[in-house]
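Each remark here refers to the structure printed beneath this line.
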Amino acid sequence: APQAPELECSILGAMMINSNCIDKVLVLLDADDFYLSSSQIIYNAIVKIFVSGGDPTFMRVTQGLKDSGELEKVGGSYYVTMLTDSVWNTSNIEFDCLYVKQKAVLRSIISICGKGLTDAFSNEVDVFELETRLQLELSGLLGKIKTTKMSKVGDVALETYKSMKEVCELKLDI
């Protein structure tokens, strides 16, 4: 599956080192954009502290995870500390977020198209209903993209849709 675990770690570390990064990340990413479940949990812990008015340092995040019983799920306090050690600078945070977002959208495209392929080969779905569903689901992904810097993902979604349409048309000819 498309993923960028090193960038996920860097983004989380940057959020704990430089609270100015948090606003930028919140605009571009949601928890489910992270591939690693540990990254999703840590992201949510950082956001919880930030929203409550706190500064989400690695100490506070570690304590918050410990209090919620999730510290060991993410790899322990050493892992959380290691996230901050992996950050060299925070100036590319938007780019890193956009890259992680692209990977999340690609995973969604794969999931939608995989289900579409299964349905197309099952002979149990109306081709027009399938086409409509795929079109709606793929176009809905474009709403997840919060910036125009990622317009190439839209092109990927369109090409994937066209490929799925061709598969459906071929299935009708068989």
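Observations on the structure shown:
- Qualifying position, being modelled with pLDDT under 95 and of a type in the set (G, A, S), among G64, G143, G69, G76: G143
- Subset of segment 11-51 (residues that are open to solvent by 30 Å² or more (accessible area, probe 1.4 Å), assigned to a helix (DSSP H, G or I) and under 20 Å from A1 (Cβ atoms)): D32, S37, Q40, I41
- S111 vs. criteria in a helix (DSSP H, G or I), at pLDDT below 90 and among the hydroxyl-bearing types (S, T, Y): no
- All positions within segment 115-135 that are at pLDDT 90 or above, open to solvent by 70 Å² or more (accessible area, probe 1.4 Å) and under 23 Å from the mean Cα position of the chain (by Cα): K115
- The single condition from (1) closer than 21 Å to A4 by Cβ; (2) in contact with a Phe, Trp or Tyr (Cβ under 8 Å, 6 or more places away or on another chain); (3) buried (at least 21 other Cβ atoms within 10 Å of the Cβ) that P56 fails is (1).
- One residue stands out in segment 1-10 among those that are touching a helix residue (DSSP H, G or I) at 6+ places or on another chain (Cβ under 7 Å) and assigned to a helix (DSSP H, G or I): the one that is farthest from Q63 (Cα to Cα), namely L7.
- Take the conditions (1) closer than 30 Å to L136 by Cβ; (2) touching a Leu at 6+ places or on another chain (Cβ under 9 Å); M16 misses just one of them, which is (1).
- Scanning segment 76-101 for residues that are part of a loop (DSSP other than H, G, I, E, B) and within 17 Å of F34 (Cβ to Cβ), we see that the one that is most open to solvent (accessible area, probe 1.4 Å) is S86.
The values are calculated or read from the model by the stated rules, or taken from the named source; none is laboratory data. On a predicted model such as this, the values are computed, not experimentally measured, just so you know. Reconstructed Cβ throughout: ideal geometry from the backbone, glycine too, with neighbour counts over all protein chains shown. Note: areas computed on protein heavy atoms with side chains; ligands, DNA, RNA excluded. Shrake-Rupley method; radii C 1.70, N 1.55, O 1.52, S 1.80 Å.
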